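Participant: First, the structure itself, so that you have it in front of you.
No lab work stands behind these numbers, since they all come straight from the coordinates. Keep in mind it's a predicted model, so treat the numbers as computed, not measured. Neighbour counts are summed over all protein chains in view; Cβ atoms, including those assigned to glycine, are modelled from backbone coordinates with ideal geometry.
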């Protein structure tokens, strides 16, 4: 059960800051989603405009594919709709999620909904070619969550465990089903093995490097061994954020993968690394379901879009890009026109415009 005892101290501290600094508006960044309650109360007490940055939707089926009960889902939807009624502007990072909320919102509230995507730092000047001409590195930066699902796939649960899992899911309200195994390097690793089988001279030269794993190394080792990809996949611990730009700028291919949506419906999630990757000139292999991330990348240069479980499409992309690199002609792509659009300066200006619009909306309604 959520502990709401923090709300009163937070509200008192926020009122003190309002008196000391006399702001023009209140801006709340979530998660946790309950933080918006403090914003609503503070706006009510002070009369200040309220801008709520929900980031991902409370009802996004990628972030929240199921709820303990249907009532929990209705409560989450009700809280999201409550924020839309009380806020002067409500910000999302996904157009798909924003449109889903807009579809159920009253006409007079829809103008409050605003899209401000994540951004990325512009890269420093770096040479286009990787320093290692004798190898091909595929890089994934960030956490993956499919390790236990891989282990379960290779090590089927006994009867008692299956009964326990069924019991814990009893009564849950499932809006969609995700396949967590695709949030792992298993399918890409098997695609690499197929490439190496056709190009034996590339063995030991093509690797998938996963940077940023927070899981127990023994769990990861079991998952990789069970999937049979430990030869071509290396998983490393989290790295400082200021090293990420160097890692992705030095890779030969950048990899994104998100969980497959089993029912094939479009998803609302977009990976934050999408923007970091697009700031480079590197090829991008995006194994993502149809929906927000797919649509956003569809017209971007140097992107190979595949379904999260399409091993053959991954194999073709890896083979094509590796062949170019190992033959001395690495593929690079001019994304300079995108950089200004993706920069944090641009995103900050967009967010500032949303705040100003919220202030003006409150002024008109007063």
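Participant: At a Förster distance of 35 Å, what's the computed FRET efficiency of residue 345 paired with residue 179, Cβ-Cβ distance as r, to 0.05?
Facilitator: That gives a FRET efficiency of 0.40.
Participant: OK, next. What angle do you read, to the nearest 10 degrees and between 0 and 90, between the alpha-carbon axis of helix 311-326 and the longest principal axis of the chain?
Facilitator: 70
Participant: Which residue fluctuates the most in the chain, going by a Gaussian network model with Cα springs under 10 Å, if the choices are 346, 46, 96?
Facilitator: 46
Participant: Here is a follow-up. Mind pulling the angle between the C-alpha long axis of helix 344-365 and the longest principal axis of the chain? Nearest 10 degrees, somewhere in 0 to 90.
Facilitator: Helix 344-365 and the main axis of the chain meet at about 20 degrees.
Participant: Which of these values of Kirkwood radius over Cα pairs in Å was calculated from the structure shown: (1) 23.5; (2) 22.7; (3) 21.7?
Facilitator: Comparing each candidate, only (2) matches the computed number.
Participant: Pick from 85, 335, 16: which residue has the top mean-square fluctuation in a GNM of the chain where Cα pairs under 10 Å get a spring?
Facilitator: Residue with maximal mean-square fluctuation among 85, 335, 16: 16.
Participant: Once R0 is set to 25 Å, what does the formula 1/(1 + (r/R0)^6) return for the Cβ-Cβ distance between residue 298 and residue 352, expressed as a FRET efficiency to the nearest 0.05?
Facilitator: For R0 = 25 Å, the calculated efficiency reads 0.30.
Participant: Ok, one more. Can you give me the distance in nm between label points at residue 66 and residue 332, each placed 7 Å from the Cα along the Cα-to-Cβ direction?
Facilitator: 4.7
Participant: If you don't mind, there's one more thing I want to ask. How do the peptides 294-302, 17-25 rank, highest first, by the average count of neighbouring beta carbon atoms within 10 Å per residue?
Facilitator: 294-302, 17-25
Participant: Would the stretch 173-251 count as rounded, prolate or oblate if I go by the C-alpha gyration tensor, calling it rounded below 1.5 in a/c and otherwise prolate when a/b exceeds b/c, oblate otherwise?
Facilitator: It is oblate, given that a/c is not under 1.5 and a/b is not larger than b/c.
Participant: In nm, what is the difference between 0.36 nm times the number of residues separating residue 25 and residue 111 and their Cα-Cα distance?
Facilitator: 29.2 nm
Participant: Now for a separate question. Decide, for the stretch 219-346, between rounded, prolate and oblate: order the square roots of the alpha carbon gyration tensor eigenvalues as a ≥ b ≥ c, take rounded if a/c falls under 1.5, and otherwise choose prolate if a/b is larger than b/c, else oblate.
Facilitator: Here the stretch 219-346 falls in the rounded category.
Participant: For the chain, what does the helix formula give at 222 nm: sum of -39500 (n - 2.57) over DSSP H segments with n ≥ 4, over the residue count, nearest 500 deg cm²/dmol?
Facilitator: The helix-only estimate for the chain comes to -14000 deg cm²/dmol at 222 nm.
Participant: In the Gaussian network model of the chain, springs joining C-alpha atoms below 10 Å, which of 224, 170, 285 carries the largest mean-square fluctuation?
Facilitator: Looking only at 224, 170, 285, the biggest GNM fluctuation is shown by 170.
Participant: Between residue 160 and residue 237, take the C-beta separation as r, use R0 = 35 Å, and let me know the FRET efficiency to the nearest 0.05.
Facilitator: The pair residue 160/residue 237 has a calculated efficiency of 0.55.
Participant: So what's the angle, to the nearest 10 degrees on a 0 to 90 scale, between helix 35-46 and the longest Cα principal axis of the chain?
Facilitator: With rounding to tens, the tilt is 30 degrees.
Participant: Right, next: Going by a ≥ b ≥ c, the root eigenvalues of the Cα gyration tensor, does the stretch 144-301 fall in the rounded group (a/c under 1.5), the prolate group (a/b larger than b/c) or the oblate group?
Facilitator: Details: a/c = 1.83, a/b = 1.29, b/c = 1.42.
Oblate shape, in that a/c is at least 1.5 and b/c is the bigger or equal ratio.
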